[in-house]
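Step one of this worksheet: look at the structure below.
The values are calculated or read from the model by the stated rules, or taken from the named source; none is laboratory data. The structure presented is a predicted model; accordingly, all values stated were derived computationally and were not measured. Note: ideal-geometry Cβ built from the backbone for every residue, glycine included; neighbour counts use all protein chains shown. SASA here: full protein model, heavy atoms, side chains in, ligands and nucleic acids out. Shrake-Rupley method; radii C 1.70, N 1.55, O 1.52, S 1.80 Å.
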Amino acid sequence: MRVLIILFLLLLNSQTIIALEHSVTDRHGNEISIDINQATGDMVMIWLLDHDEPRPLFDSLLQQLTDSGIEIWRVDLLESYFLPRSSENVRTLDGEGVAAVIQAAHSKTTKKILLASYDRMPLPLLRGVNRWQSTRKASRLLGAILFYPNLFGAAPMAGEIPELDPILNVTNLPLVIYQPELGSQRWRLKQMVTALWQAGSPTYVYLVPKARDWFIMGEGEPDEQEAKMVARIPGQLPSLARLLDSHPKSATQTPLQPTRIPTGNLYTLTAVDQLKPAPPLRLADSHDIYLDIEGLDNRVRLVNFWATWCPPCVEEIPSLNRLQAHYKNQDVSIVSVDFRESAEEIEAFLEERPVDFPVLMDRNGLTSLAWRVFSFPSSFIIDRHGRIRYTANRAINWDSKEVIEVLDGLLAEP
């Protein structure tokens, strides 16, 4: 009986209330589902999600936020729209569903409203805010927290400069960006923030030390460092909310022109239009042995940028091994460049999976930036004269007939 009384008191004192379900309809007539964890505080935090698999670390974060008094709304737009889960489907959402959810938060609560999303979802978040702002009369919207945002348009061909999405040019919402120190867009952060500030969006950055993209998700056994960083977020949010709230909300807003959001392509092996020399590449492997691809002159070279945490990158390693074997004792060299991992991580990976070509380490990510690597894997084929001739920004079957015909053709050139 005493145990039951204690349990009752714990439940009575908890901020968390049983989750509720709600739905709204966007301007196109689509029904958007919302899962609500009510709480007694004065703020509602709308999380726009793009994952459906269990993520214990993330779920724990949301529960801690609810227990701290923040009401949580979970919105899965891909599920509501019956769309397959892909980065491209997230990137091209028009934001109408987000606008409908923001309006519902104003209609159904009197609380201050904070938006949150991650990776590619900040793009439809910002589009939705822009659409909602064009019709609002009063606002309790504080701003948004963006975790490792990728605010660029469609993925370019490997080696081309990525372009910022046009929504950044008309965004005036106060923002806080949680940028992982080891994240894939770390060195492009200044470009994103500059565009936002120029558009009138007060944007702040918190650089998360020693963390990678998706650090709030904790897939599998959570990394100790990432779990430590996630545990700090509930304590940081109240001061961040006050910071966002301190900024006057613009009375005017520039609407995004209603143009169709261009779809992107994943490029298999593609010939470049203009021949140009490959950037310098001199890096060490996990044993501190340096390799400079300029020392591979008069050879055809395949340079592959990858990371052990990238499943498509790992999937193409066997075909790269077979390609290496196919060109044994011929003038073809395969070199891979790992993105921002430690020697210990590389060594542990190589103990489990054989890699039959050099694995160089881009410890600070600046070599990948110089090669204009936007997504992983990205690969470049370089001719005997050091010019980039073909690129790929996706995993492919490297010992296919198509690839071998390309390499044979380059080998036959003088």
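Hey, what angle do you get for helix 317-326 against the long axis of the chain, alpha-carbon based, 0 to 90 degrees rounded to 10? Rounded to the nearest ten degrees, it is 10. Extension gain for D273 to R384 (0.36 nm times residue separation, less C-alpha to C-alpha distance): 38.2 nm.
Ignoring ligands, DNA and RNA, what percent of the accessible area of region 324-414 is carbon or sulfur (1.4 Å)?
That fraction is 47 percent.
Counting charges near V44 (Lys, Arg +1; Asp, Glu -1) among other residues having Cβ under 13 Å from its Cβ returns a value of +2. Taking Cα centre as origin and charging only the Cβ of basic (Lys, Arg, +1) and acidic (Asp, Glu, -1) residues, the dipole magnitude of region 77-173 rounds to 720 debye.
Sorting the segments 138-145, 50-57, 198-205 by their mean number of nearby beta carbons within 10 angstrom, highest to lowest, gives 138-145, 198-205, 50-57.
Magnitude of the charge dipole for the chain, about its Cα centre and with charges confined to Cβ atoms of Lys, Arg (+1) and Asp, Glu (-1), is about 1860 debye. Between region 339-412 and region 174-238, how far is it from one alpha carbon centroid to the other, in angstrom? If you average the Cα positions of each part, the centres end up 28 Å apart. Only helices enter this figure: runs of n ≥ 4 DSSP H residues, each worth -39500 (n - 2.57), summed and divided by the residues of the chain, yield -9500 deg cm²/dmol at 222 nm to the nearest 500. Put simply, when 113-126, 152-165, 224-237 are sorted by average Cβ atoms within 10 angstrom per residue, most first, you get 113-126, 152-165, 224-237.
Once the Cα atoms are used to define both axes, helix 189-199 deviates from the longest principal axis of the chain by about 50 degrees. Computed from the Kirkwood radius of its Cα pairs, the Stokes-Einstein diffusion coefficient for the chain at 20 °C and 1.002 mPa s stands at 92 µm²/s. Remark: the I289-R85 segment gains 69.4 nm on full extension, using 0.36 nm per residue and subtracting the alpha carbon distance. Dimensions of region 17-150 from C-alpha coordinates, computed as largest minus smallest value along each principal axis and given longest first, are 38, 35, 26 Å. For the pair K401 and T135, what calculated FRET efficiency results from E = 1/(1 + (r/R0)^6), where r is the Cβ-Cβ distance and R0 = 51 Å, to the nearest 0.05? Once the sixth-power term is evaluated, E becomes 0.40.
Other residues lying with their Cβ under 15 Å from the Cβ of Q274 contribute a combined charge of +1, Lys and Arg counting +1, Asp and Glu -1. Each listed q (0.15 Å⁻¹) maps to a log10 I(q)/I(0) for region 267-414 from the Debye sum over equal C-alpha point scatterers, namely -0.71.
Taken per residue, the accessible surface of the chain reaches 48 Å², heavy atoms only and a 1.4 Å probe. Between the Cα long axis of helix 56-67 and the first principal axis of the chain there is an angle of about 20°, rounded to the nearest 10.
Here region 85-137 exposes an accessible surface that is 45 percent carbon and sulfur, computed with a 1.4 Å probe and the other protein chains kept in place.
Computed over the chain with a Gaussian network model linking Cα atoms closer than 10 Å, the most mobile of D288, D59, D94 is D288.
List nothing, just return the count: lysine pairs in the chain, 8 or more apart or interchain, with Cα separation under 17 Å. The partial results should precede the final answer.
Working: K108/K137; K111/K137; K111/K249; K112/K137; K112/K249; K137/K249; K210/K228; K328/K401.
Close lysine pairs under the 17 Å cut-off: 8.
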